[in-house]
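The values are calculated or read from the model by the stated rules, or taken from the named source; none is laboratory data. On a predicted model such as this, the values are computed, not experimentally measured, just so you know. Methodologically, a virtual Cβ is constructed for each residue, glycine included, from the backbone with ideal geometry; neighbour enumeration extends over all protein chains shown. For accessibility, only protein heavy atoms count, side chains too; no ligands or nucleic acids. Shrake-Rupley method; radii C 1.70, N 1.55, O 1.52, S 1.80 Å.
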Amino acid sequence: MQIDNKQLKEFLLDSNLVERKVVEENFKEANETNKKLGDLLIEKKLVNEIEIRKMYAYILGVPFVNLEKETITSDILQIIPEPIAKKYNIIAFEKEGNNLKVAMKNPEDLQTIDFIKKKTGLKIIPCLTNEESIKTILKQYEKSLKAEFGDIISKDSDDVSAAEGQDLEKIAQDLPIVRIVDTLLKHAILQSASDIHIEPDEKEVRVRYRIDGILHDAMTLPRQVLDGLVARIKVLSNLKLDEHRLPQDGRFKIEKEGYKISFRVSLIPVFEGEKIVMRLLDESSKGLTLEKMGLTGNALEAVHKHIKRPNGMILVTGPTGSGKTTTLYTIMDILNTPEVNISTVEDPIEYRMMRINQTQVNAKIGMTFAAALRALLRQDPDIIMVGEIRDGETMQISIEAAMTGHLVLSTLHTNSAAATLPRLLDMGAEAFLIASTVNVVIGQRLVRRLCNECKAAYSLTEKDIKALSDNFDMDDILKTMKSVPELNGIVDAKINWKDLKFYRAKGCEQCSSEGYRGRLGIYEVLEVDEEIGKLITSNATSDGIEKKAREKGMRIMAEDGFIKALQGLTSIEEVMRVTKE
C-alpha cells in the first residue's frame, strides 16, 4: 500500500493513538532501518494490527472489516474460487445485487480487483482487512467442503468392491480409497484432532477423532471400504500389506501450505479386522512456552530456576495423554542453544527437533532405554532426555547420569508429584540418591479451555458446594486462592464460595457447539530441597511429602485448576474430570 511513514506519522499524531514522543522515536528508527512505521509499532506491541489497519483504511478512504469471528456462507465464499483467494489474499464476504464486497490486505491492488471483476462480472467494492481475518476465512473454504466430502464418502464407497482375492496394493491406489483417506486426514487436521481411530465393526467402519482430549464420532463408513482403507494407510506408512496377524507401527507426513503434520500410525488385529489409531503431531507449531501451556507464578519460577541448573533430574509425571512429552519438548526448546549437546532416548520419537540428537528405542534388537542411555553417556552430552523411566535399570543409569554432571529430563506414570519420589524407591533407587539428584517434579493434567465467545458466568449453589466437598477440601482451596497474587481483584480475605463467579461451557458456532476450544495444563510443582530430602531418606509416604511441600507453598493440581476456573480459562467440571481419583 502506498502509505509512507511520514503520512502515517501525521495521522497517528492527530489521532493520539500513540504518544507523540513514541511516534517520533519510532518514525526515526523506521527511516533508519528502512522499515514501515506501522510494522515497527506492531512488532514492538505499541499498537495492535487492527488499530493500524483501521488507520490505513481511514487514510485510503476505504472501509475496514474484521472477519476473525465471522462465518461466510458457502455461496458467497465460492464466488471467488479457493486457489484465487489464497493466491491474491482476497475474500468475498457480502453481495448486494450486482455489488460484491471483498476483503483484502491491499485495496490499492487494482490489477487483482480488475481480475476479480472480469472473473465474476460483478462490481467490486474493496475493503481493508487484517492478516488473521484472511487466515480465518481461508479455513472456511475447507469447512464448506464438508458436504461435498460427505458425497465422496457415499458415492466412492459404493465404487469400492470387496478386496477378497484382489491385489491389495492396487486397491490402495484406487481413486475412491485415496479420496476417502484424504478426506479423513483433512477433516482431522481441520478440526485440530490429536488422534484418529478407525474401528471395524461387523457391518460398518466407525471413525472417531480425539479433539481436546475427548473422543467424538466423526463418520461411519460401509464395511466394504475397510480392506482398501487399511491397505492405503499401510502403503502411506510403509508397512507390510500382507501382515494381518501382528501389530505394526509406522509413520508418514503431510506437508501443505500453512501446515506440516506428522502421523504416527499403530495397527492392531481385532476380531473384525485391523484397528488403526493415528496420532497427529503438528510439526509446524512453534513458539510454545511454559506460560502458554498454563504454568504461572511460583511454579513457573521454580521450573525456570531448576532447568538452568547444570545437573540433576527434572521429572514430569501424569497419566497417558496429560501432555508430559510436550512439557519436556518445551523445556528442551528453551535449553536448545549452540553451547550445549542435547541427546534423547525416546519410544517413539514424537517431534523432530533441530540440533537435538534423538535416538529411537528398538527392543527387538536389544536397543532398550537402558542400552541407549549407556551409549549416550559416551557421547559427551550436557542434557539427556529419557522418554520414560519404565524399569529399575533405566532409573539407575538416569540417577547416575544426574550425579555425574548431566541434566536429566524424564517422565513417570504417577498420580501426583509427591507420589513420584516413593515410586522411585519402589523401583530400587537409594533414598539418599533420590534426595540429592532430583531437583523438581512437575505433576500435570490437561483440561479443556473454555470458548471465549460463549462461556457463561454463574455462582455456586449450596448443593454445588456440598457436591464439590465430597471430592475436594473446599476450605483449603479457598484459603489457597486468597493467597494467590494472580487473583488480586477477584478474591479478597472475606470472600466465600457463593460470592465467586465461575464459568461453564455453553456452545456456539466458533467452538462447534462444544463450549471448549483448545487445552491448557494444570500443574503441581514439587521442589526437592533439604527438608523434602530428609523426608525421602526417612522413607516418608507421598502424603507426608505432599503435606510438607504444601506448607512450603506448593499448590496441588486441584487448587491450580480452581484458580484457572475462577479466571474463566476452564470449568470446574473439567477440573473434576481430570483430577478426581
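Structure values in brief
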item: Answer from LEU328, LEU424, LEU409 - the residue that is open to solvent by less than 30 Å² (accessible area, probe 1.4 Å), under 27 Å from VAL578 (Cβ atoms) and at pLDDT 95 or above; result: LEU409
item: Test: residue in region 535-546 that is in contact (Cβ under 8 Å) with a residue 60 or more places away in the chain, assigned to a loop (DSSP other than H, G, I, E, B), open to solvent by 30 Å² or more (accessible area, probe 1.4 Å) and closer than 23 Å to ILE495 by Cβ; result: no
item: Complete set of residues in region 14-30 that are open to solvent by 30 Å² or more (accessible area, probe 1.4 Å) and part of a helix (DSSP H, G or I); result: ASP14, SER15, ARG20, LYS21, VAL22, GLU24, GLU25, PHE27, LYS28, GLU29
item: Long-range neighbours under 7 Å by Cβ, at least six apart or interchain, first residue closer than 15 Å to ILE42 by Cα within region 12-26, second basic (Lys, Arg); result: VAL23/LYS9
item: Answer residue from region 83-99, given it is in a helix (DSSP H, G or I) and open to solvent by 40 Å² or more (accessible area, probe 1.4 Å) and is modelled with the lowest pLDDT among those; result: PRO83
item: ASN341 vs. criteria polar (S, T, N, Q) and more than 17 Å from GLU524 (Cβ to Cβ); result: yes
item: All positions within region 456-509 that are in a loop (DSSP other than H, G, I, E, B), open to solvent by 90 Å² or more (accessible area, probe 1.4 Å) and either in contact (Cβ under 8 Å) with a residue 60 or more places away in the chain or touching a helix residue (DSSP H, G or I) at 6+ places or on another chain (Cβ under 7 Å) (or both); result: GLU509
item: Answer from LYS35, LYS69 - the residue that is open to solvent by 30 Å² or more (accessible area, probe 1.4 Å), over 25 Å from ILE137 (Cβ atoms) and either outside any helix (DSSP H, G or I) or of a type in the set (A, V, I, L, M) (or both); result: LYS35
item: Residue within region 229-248 that is out of contact with any Asp or Glu (no Cβ under 9 Å at 6 or more places or on another chain), open to solvent by 30 Å² or more (accessible area, probe 1.4 Å), at positive phi and touching a residue at least 24 places away in the same chain (Cβ under 8 Å) present; result: no
item: Only one of GLU388, GLU453 that is open to solvent by less than 60 Å² (accessible area, probe 1.4 Å), in a loop (DSSP other than H, G, I, E, B), closer than 27 Å to GLY521 by Cβ and not hydrophobic (A, V, I, L, M, F, W, C); result: GLU388
item: Residue in region 288-297 that is over 13 Å from the mean Cα position of the chain (by Cα), assigned to a strand (DSSP E or B) and β-branched (Val, Ile, Thr) present; result: no
item: Single residue of region 111-128 satisfying the filter (more than 17 Å from GLU94 (Cα to Cα) and among the charged types (D, E, K, R)) that is most open to solvent (accessible area, probe 1.4 Å); result: LYS118
item: All positions within region 446-463 that are polar (S, T, N, Q) and within 22 Å of LYS580 (Cα to Cα); result: SER459, THR461
item: Positions within region 510-526 being of a type outside the set (Lys, Arg) and open to solvent by 70 Å² or more (accessible area, probe 1.4 Å), in sequence order; result: SER512, SER513, GLU514
item: Residues within region 38-51 that are open to solvent by 70 Å² or more (accessible area, probe 1.4 Å) and either touching an Asp or Glu at 6+ places or on another chain (Cβ under 6 Å) or among the aliphatic types (A, V, I, L, M) (or both), tallied; result: 1
item: Residue in region 141-149 that is under 28 Å from ASP227 (Cα atoms), modelled with pLDDT under 85, open to solvent by less than 70 Å² (accessible area, probe 1.4 Å) and of a type in the set (Phe, Trp, Tyr) present; result: yes
item: Which numbered condition ILE563 fails, given (1) more than 22 Å from the chain's Cα centre (by Cα); (2) closer than 20 Å to GLU301 by Cα; result: (1)
item: Within region 42-55, considering residues that are in a helix (DSSP H, G or I) and out of contact with any helix residue (DSSP H, G or I) (no Cβ under 7 Å at 6 or more places or on another chain), the one nearest to VAL22 (Cα to Cα); result: GLU43
item: Unmet criterion (only one of (1) surrounded by fewer than 18 Cβ atoms within 10 Å (Cβ to Cβ); (2) touching a helix residue (DSSP H, G or I) at 6+ places or on another chain (Cβ under 8 Å); (3) closer than 15 Å to ILE189 by Cβ; (4) free of Cβ contacts under 8 Å to residues at least 60 places away in the same chain) for VAL207; result: (1)
item: Matching option when the condition is open to solvent by 40 Å² or more (accessible area, probe 1.4 Å) and either in contact (Cβ under 8 Å) with a residue 24 or more places away in the chain or not in a strand (DSSP E or B) (or both), among MET278, MET354; result: MET354
item: Checklist (1) touching a residue at least 60 places away in the same chain (Cβ under 8 Å); (2) not in a strand (DSSP E or B) applied to TYR523, failing item; result: (2)
item: Filtered residue count, region 357-385, keeping only those that are surrounded by 18 or more Cβ atoms within 10 Å (Cβ to Cβ), of a type in the set (A, V, I, L, M, F, W, C) and not in a helix (DSSP H, G or I); result: 4
